[in-house]
Amino acid sequence: MFVEAVARAAYLAVPQTRTIPLFLDRLLGRHRKQDILPTTGGRRVYAVGDVHGRLDALQPLIRAIADDLEAAPPPEPALLVFLGDYVDRGPESKGVVDLVLKMRATAGLETRALKGNHEEALLQFLAEPSFGATWMEHGGGPTLVSYGVQPPPTRTDNDAWARARDELERVLPAEHRAFYENLELMLDVGDYAFVHAGVRPGIAWDQQAERDLLWIRQEFLQEKGPFGKVIVHGHTPMEEAQLTRHRLGIDTGCYATGVLTAVRLQDADQRLIQVKAERRFG
């Protein structure tokens, strides 16, 4: 049974889980004004924000999603969408990818994984070991350590970075390499589009550049929209989820705060599911 399988894969006792119906935000005048709600075409969708190696937050969030499915089973299999940035900064990047792969193999739930800019950085390091020093500035060190590879002590030693790259290639499970190399850039469901960072305003969907989908910030965040669809994204951490008429930003800085956010979408029903892990980093 799906819920039992998820419970076995993701069990961890964590003190705080929150499910927040977004109609309460509207009732209280918070964050968004919207006359006509978008639709998922009847499908239940859970989108998960940036995890960044925080397995201690992802495990209870998956359990909370399983509990939600058990409490209110949808008429058809639900869709679980990860918005990218599984790796870097937090201590358990390898464990996070292991769990996402387990979710892909779980019956009764379709799981899709999008590419983030931090997965792009990992792949660039595998192709260009001299990129390692730059990757470390963006949190790549804990990712190497999670695979049992020690970063070089001197960031300017290109030979040491080549050895570290070779060691990572040696220990990287084949299914992890395939995972990183085959991540999706964008997914749309009904009136929603799911992407890591956002989209460039005024550009057609099929003309969006990969760099914008993975990296864009201010040009997207400062644009009120509409964007053709409601954009569900991560990438830019905020203290609270950003719930506007034309975009839902759900990166709540989990790597530092321990707060991991998912948004649950089903037709006119929109709500947040959040967990808070006990440890803080950063």
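What follows draws every value from the coordinates through simple rules; no lab data is involved. Please read these numbers as outputs of a predicted model, since none were measured by experiment. All Cβ positions, even for glycine, are placed from backbone atoms using ideal geometry, and neighbour counts span all protein chains on display.
Output the relative contact order of region 92-215, whole-number percent, from Cα pairs under 8 angstrom with separation of 6+ residues.
On the way: 117 pairs, mean separation 32.7, N = 124.
Answer for region 92-215 is 26 percent.
With θ set to phi - 60° and the Karplus curve 6.51 cos²θ - 1.76 cosθ + 1.60, what are the ³J(HN,Hα) couplings of region 210-222 in order, to the nearest whole Hz, using x for Gly and Pro?
4, 4, 5, 4, 9, 10, 4, 9, 4, 4, 7, 5, 7
Please list, in order along region 169-174, the HN-Hα scalar couplings obtained from phi with the Karplus expression 6.51 cos²θ - 1.76 cosθ + 1.60 (θ = phi - 60°), rounded to whole Hz, x for Gly and Pro.
Coupling constants for region 169-174: 4, 5, 9, 5, x, 4 Hz.
Would you mind ranking Trp215, Trp135, Trp205 by Cβ crowding within 10 Å, fewest neighbours first? The partial results should precede the final answer.
On the way: Trp215 16, Trp135 23, Trp205 12.
If I rank by nearby Cβ atoms, fewest first, I get Trp205, Trp215, Trp135.
Suppose we keep just the DSSP beta bridges with both residues in the chain; what percent of those would be antiparallel, to 5? Don't jump to the answer; show the numbers that get you there.
On the way: 24 of 40 bridges.
Just about 60 percent of them are antiparallel.
Provide, for the chain, the number of lysine pairs with alpha carbons under 20 Å apart, each pair being eight or more places apart or on different chains. Walk me through the numbers before you get to the answer.
Working: Lys33/Lys224; Lys33/Lys229; Lys94/Lys102; Lys94/Lys115; Lys102/Lys115; Lys115/Lys229.
For the chain, qualifying lysine pairs total 6.
Hey, how much of the P(r) for region 117-182 falls beyond 19 Å, as a percent of Cα pairs? Kindly include the intermediate steps, with their values, before the conclusion.
On the way: 415 of 2145 pairs.
That fraction is 19 percent.
Taking the Cβ of each residue in Lys276, Lys102, Lys94, Lys224 as the centre, tally the other Cβ atoms inside 10 Å and list the residues starting with the fewest.
On the way: Lys276 19, Lys102 16, Lys94 22, Lys224 10.
Exposure proxy ranking, most exposed first: Lys224, Lys102, Lys276, Lys94.
Expressed as an acute angle from 0 to 90° and rounded to the nearest 10, what is the orientation of the C-alpha long axis of helix 117-127 relative to the principal long axis of the chain?
30
For the Cα atoms of the chain, what angle does the longest principal axis make with the long axis of helix 93-104, in degrees from 0 to 90, nearest 10?
Taking Cα atoms only, the helix is inclined about 50 degrees.
Can you list residues whose amide H is under 5 Å from Thr261's amide H, if they're 5+ apart or on another chain and H is modeled 1.01 Å from N?
Excluding prolines and chain starts, which carry no amide H, the hits are Gly49, Thr252.
Using 1/(1 + (r/R0)^6) with R0 = 51 angstrom and r between the beta carbons of Thr244 and Asp166, what's the FRET efficiency to the nearest 0.05? All intermediate terms of the calculation are to be shown ahead of the outcome.
On the way: r = 46 Å, r/R0 = 0.89.
It comes out at approximately 0.65.
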